Amino acid sequence: MVAPDIQAELEACSRIERDAATSRRAFLGGAAVLSAAATFVPARSAFARSQPGLPAKPPAGFTPLSAPGQVVKISKAGCLEANRLFPKADDAREMLRRALAELTGKADLAEAVKSFVHPEDKVCVKVNGIALQNMATNKELVLPFVEAMIAAGVPPTVLEQYPGFMQGTRITARNVPAGVSVVWHSNSDATMDWRDIAGTARHTKFVRPLTESTALINFALIKDHSICGYTGALKNMTHGCSVNPQDFHDHHASPQIAILSAQDVLTSRLRLCIIDGFKLMAHGGPLYKHPEYVSPHEAVYVSTDPVALDAIGADLVEKARAGFGLKSLADEGRPPAYIQAAADLGVGIADRAKITLREVTI
């Protein structure tokens with residue numbers, strides 16, 4: 001039985017899905033959506049204006065590692081527990097260590113972390129537990145990174161949208177190292193002024209744990225999404241770190257996700273994206289409505305480029321859908337057009353021919 005507070009959160013998500021479905025039926029139709037997305041995106045200079053104090057800067061003398069288009073995938077067969085829900089802790093830690101070693105050239109996890117954050121940084125770690133324990137960013141993957149940050153002298157804040165979603169990750173104030181904060185924003189904890197998001201006729205606020213940080217580490221998943229087709233690294237930041245995500249779901253959230261991801265609040269803070277790919281959801285997302293379409297994937301991906309990760313992740317979902325005999329996302333009228341739109345805005349690289357995917361099996 002689901003706790004009442006978590007059930008309320010899930011019902012709110014379901015309402016958003018239903019409202020968006022009504023909106024998309026009234027919109028232009030599948031092919032026209034792609035055309036609209038292409039013309040809807042303004043020039044970068046049109047929306048990149050900033051408010052004082054919102055863009056972040058790395059500490060003086062520190063240059064975080066940045067490798068656009070570079071993605072590392074670490075796979076390990078049999079890394080899931082017998083329940084097929086959670087990864088084995090030792091395997092998850094080693095997969096993370098090896099992934100970051102391949103990306104940074106540093107074999108020690110704490111030393112690899114230093115490539116992205118500095119002791120003078122204030123770090124926000126965004127996790128994802130909307131599908132609850134059925135499919136969340138697992139504590140077995142997140143906590144080793146948090147512990148490595150502590151070893152590097154950088155105690156972070158772990159952030160989720162709602163308390164129930166944080167419970168889904170199984171991360172609590174009791175199982176994180178001393179000095180680490182575990183918080184949620186409930187779509188209300190923001191101190192910045194409203195910001196108009198050009199090209200959307202909407203405005204938003206990013207939440208305080210993000211705006212008060214100087215660095216963002218993004219833990220996301222590989223999932224189908226009933227509104228925008230795919231949800232991975234980009235949407236975990238844009239809709240997971242703002243107070244009114246429901247206002248940016250029209251037209252399959254394309255190109256709204258792209259425009260939000262190009263805001264300086266995010267681009268100036270994002271240091272690293274880590275994809276918990278122990279499982280893959282081909283249909284029924286972002287909640288857990290069709291467990292029959294969730295399958296083991298047994299992989300961890302890392303990159304400093306959220307667009308490259310989402311380009312790869314969306315392809316994986318499409319291949320999985322084909323394997324299940326499901327329609328493609330485009331044929332269902334919800335292609336994740338925002339991924340290419342984000343690339344067009346300079347957020348990252350979406351062209352698979354320009355993405356380098358280093359695959360290692362351990």
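Note on segment 60-73: among residues that are in contact with a strand residue (DSSP E or B) (Cβ under 6 Å, 6 or more places away or on another chain) and open to solvent by 20 Å² or more (accessible area, probe 1.4 Å), the one that is nearest to Lys88 (Cα to Cα) is Lys73. Listed conditions (1) crowded, with 24+ Cβ neighbours inside 10 Å; (2) in a strand (DSSP E or B) are all met by Ile339, apart from (2).
The rows are residues; the columns are (1) more than 24 Å from Ser75 (Cβ to Cβ); (2) open to solvent by less than 20 Å² (accessible area, probe 1.4 Å); (3) among the small types (Gly, Ala, Ser).
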residue: His251; (1), (2), (3): yes, no, no
residue: Ser254; (1), (2), (3): yes, yes, yes
residue: Leu266; (1), (2), (3): yes, yes, no
residue: Pro306; (1), (2), (3): no, yes, no
residue: Arg352; (1), (2), (3): no, no, no
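Quick one: count up the residues across segment 74-120 that are surrounded by 18 or more Cβ atoms within 10 Å (Cβ to Cβ), closer than 17 Å to Asn138 by Cα and either within 21 Å of the chain's Cα centre (by Cα) or of a type in the set (S, T, N, Q) (or both). Count: 9. For segment 188-238, filtered to residues that are among the aromatic types (Phe, Trp, Tyr) and over 22 Å from Gly168 (Cα atoms), the residue that is least open to solvent (accessible area, probe 1.4 Å) is Phe206.
Among the residues of segment 149-181, those that are more than 21 Å from Pro119 (Cβ to Cβ) and surrounded by fewer than 20 Cβ atoms within 10 Å (Cβ to Cβ) comprise Pro163, Gln167, Arg170, Thr172, Ala173, Arg174, Asn175. Among the residues making up segment 193-244, those that are assigned to a strand (DSSP E or B) and more than 19 Å from Leu287 (Cβ to Cβ) are Arg195, Asp196, Ile197, Arg202, His203, Thr204, Phe206, Ala215, Leu216, Ile217, Asn218, Ser242.
Close contacts from segment 334-360, counting a first residue that is under 13 Å from Gly313 (Cα atoms) and a second that is in a strand (DSSP E or B) and not small (Gly, Ala, Ser), with Cβ to Cβ under 7 Å and a gap of 6+ residues or different chains, come to Pro336/Tyr230; Ile355/Val71; Leu357/Val71; Leu357/Lys73. Out of Arg98, Arg93, one residue alone is in contact (Cβ under 8 Å) with a residue 60 or more places away in the chain and basic (Lys, Arg). It is Arg98.
A quick yes/no check of all residues on (1) part of a helix (DSSP H, G or I); (2) open to solvent by 10 Å² or more (accessible area, probe 1.4 Å):
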site	(1), (2)
Asp247	yes, yes
Ala258	yes, no
Leu272	no, no
Phe278	no, no
Lys289	no, yes
Glu298	no, yes
Ala322	yes, yes
Ser328	no, yes
Glu332	no, yes
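Taking the numbered list (1) under 21 Å from Asn83 (Cα atoms); (2) more than 15 Å from the chain's Cα centre (by Cα) in turn, Ser254 passes all entries but (1). On the basis of being acidic (Asp, Glu), closer than 30 Å to Gly105 by Cβ and touching a Pro at 6+ places or on another chain (Cβ under 9 Å), does Glu298 make the cut? When the stated conditions are applied, Glu298 passes them. Screening Lys126 on (1) touching a residue at least 12 places away in the same chain (Cβ under 8 Å); (2) out of contact with any Cys (no Cβ under 6 Å at 6 or more places or on another chain); (3) surrounded by fewer than 24 Cβ atoms within 10 Å (Cβ to Cβ) shows it passes everything except condition (3).
Residues are listed down the side, and each one gets a yes or a no for (1) at pLDDT below 95; (2) part of a loop (DSSP other than H, G, I, E, B); (3) among the polar types (S, T, N, Q):
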residue	(1), (2), (3)
Glu120	no, yes, no
Asn128	no, yes, yes
Ala136	no, yes, no
Pro144	no, no, no
Met149	no, no, no
Pro155	no, yes, no
Gly164	no, no, no
Gly168	no, no, no
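The values are calculated or read from the model by the stated rules, or taken from the named source; none is laboratory data. Remember, predicted model here, so these are calculated numbers, not experimental data. Note that we place each Cβ from the backbone using ideal geometry, even for glycine, and neighbour counts take in every protein chain shown. Note: areas computed on protein heavy atoms with side chains; ligands, DNA, RNA excluded. Shrake-Rupley method; radii C 1.70, N 1.55, O 1.52, S 1.80 Å.
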